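I have placed the structure first, in the form of structure tokens, so that the comments after it can refer back to it.
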Amino acid sequence: RQAETAVVVTLAMAAGPPPPLEPSPLPTFPEEGFAEKFLRKTRENPLVPLGCLCTVSVLVYGIICFKKGNTRRSQLMMRARVIAQGCTFAALLGGMVATAIKSRQ
């Protein structure tokens, strides 16, 4: 029994060291500033900034309606904000999946 184990260990050691467990390094853009990075990310996935803008717009309008006393419209806007946030999150996930698929090819 020990001889079989020794043969297995010897064969495993002869195969070489195991592959590294670290993922491949991500591309870096050291000379890229905030504005350049923002524009690049916006071009890669334009629905996320659009969704953020829509969410903030609906939120601000809902707060304005609440301050004016129009509670019915304010509640409607808060529900619309939740929907806009969900769409933004779906766009973010979709962009991440698309980037992952693109990087594998």
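Remarks
- Packing, taken as the mean count of other beta carbons within 10 Å per residue, orders the peptides 60-67, 47-54 from highest to lowest as 47-54, 60-67.
- Per residue solvent-accessible surface (Å²) - the range 35-103, probe of 1.4 Å: 76
- Highest to lowest packing among 33-43, 80-90, scored as the average C-beta count within 10 Å: 80-90, 33-43
- Considering only alpha-carbon pairs that sit under 8 angstrom and 6 or more positions apart, the relative contact order computed for the range 35-103 is 37 percent.
- ³J(HN,Hα) computed for each position of the range 69-84 - Karplus, 6.51 cos²θ - 1.76 cosθ + 1.60, integer Hz, glycine/proline x: x, 8, 5, 4, 5, 4, 5, 4, 5, 5, 5, 5, 5, 5, 5, 5
- Averaging Cα coordinates gives a centre for the range 29-55 and one for the range 68-105; these two points are 16 Å apart.
- J(HN,Hα) series, the range 56-67, from Karplus relation 6.51 cos²θ - 1.76 cosθ + 1.60, nearest Hz, glycine and proline x: 5, 4, 5, 4, 4, 5, x, 5, 4, 4, 5, 5
The values are calculated or read from the model by the stated rules, or taken from the named source; none is laboratory data. These numbers come from a predicted model, not from an experiment. Methodologically, a virtual Cβ is constructed for each residue, glycine included, from the backbone with ideal geometry; neighbour enumeration extends over all protein chains shown. Each accessible area value is taken on the protein alone, full model and side chains, heavy atoms only, with ligands, DNA and RNA left out. Shrake-Rupley method; radii C 1.70, N 1.55, O 1.52, S 1.80 Å.
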